[in-house]
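Written out below as structure tokens is the structure these notes cover.
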Amino acid sequence: MFQGTTLGTGYHITLYANLDPQQITEIEVGIQGELAILEGQRSHFHRAAAMAFGRFWAVLPTSLQHEVDRWFHALAVDRLTQWFEEHDLAPSAVMVEVGGVVRGIGDPSGGYWRLSLDQAGLPAPDGARYVRLQDAALVHRFVQQAPAPLVTPAAPLSVSVIAADASRAIYEASLMIHAGPEEALRLAKELDSAARVVVKTPQGIEIHHSAALEPWLEP
């Protein structure tokens, strides 16, 4: 396992591989090199955005900073996964996680990565559900501020999406989390997205699984 902090969050990388000390060092250097590039790009973006808002005597909104960081987390997952695919270390399986964005490739013990779809702070009326992630990415998106119960109309609380890579998954999840519940479900169908949409209604919590998600779910 390799772990540390980057892009304002933590990262964890799990490998199934037989590595000698030189290979371990090569991996550590490669990881830090990729993350250093992304840290520089993130800092440059935040500085440019702060200057743009400062011209109008405004402060860069926290919500925008959070949104940018989530995209950088997805980009980091894809960049690190690509780094492993392009090098000759040949691990049998790799799982990369940055800020809760996960991507797994290869064949780990058991044949797939078993990940929970349940999310902290949200009830799970349909029981604990797990997905069998293999050669794909999983992204969770949450609303920044949950709607007050019994006051607001139905609205998405969270969206989880599985896609071939993290950048695609976060793109689809971002479209749905900013839409109304019916629109989110329509988008999931139109995009053929493997999505879970958690909706707050005046009657309680509803959880919807798209048809494309079903093959990924454990029985």
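The values are calculated or read from the model by the stated rules, or taken from the named source; none is laboratory data. Keep in mind it's a predicted model, so treat the numbers as computed, not measured. A quick note on method: Cβ atoms are made from the backbone with ideal geometry, for glycine too, and the neighbour counts reach across all protein chains shown. All accessible areas refer to the heavy atoms of the entire protein, side chains included, with ligands and DNA or RNA removed. Shrake-Rupley method; radii C 1.70, N 1.55, O 1.52, S 1.80 Å.
The table below lists the values:
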read-out	value
Residue list for region 176-200, restricted to those being farther than 16 Å from Leu138 by Cβ, open to solvent by less than 10 Å² (accessible area, probe 1.4 Å) and not in a helix (DSSP H, G or I)	Val199
Any hit, region 119-131, residues being at pLDDT 90 or above and more than 17 Å from Ala17 (Cα to Cα)	yes
Test: residue in region 25-47 that is more than 25 Å from the chain's Cα centre (by Cα), over 20 Å from Arg168 (Cα atoms) and modelled with pLDDT of 90 or more	yes
When residues of region 1-25 are limited to those that are polar (S, T, N, Q) and touching a residue at least 60 places away in the same chain (Cβ under 8 Å), the one farthest from Gly99 (Cα to Cα)	Gln23
Segments classed as strands (runs of 3 or more DSSP E), wholly inside region 5-112, with at least 1 members that are touching a His at 6+ places or on another chain (Cβ under 7 Å), of a type outside the set (S, T, N, Q) and buried (at least 20 other Cβ atoms within 10 Å of the Cβ)	93-98, 101-106
Complete set of residues in region 152-186 that are of a type in the set (S, T, N, Q) and touching a Leu at 6+ places or on another chain (Cβ under 8 Å)	Ser158, Ser160, Ser167
Total residues in region 132-175, condition surrounded by 14 or more Cβ atoms within 10 Å (Cβ to Cβ), at pLDDT below 65 and small (Gly, Ala, Ser)	1
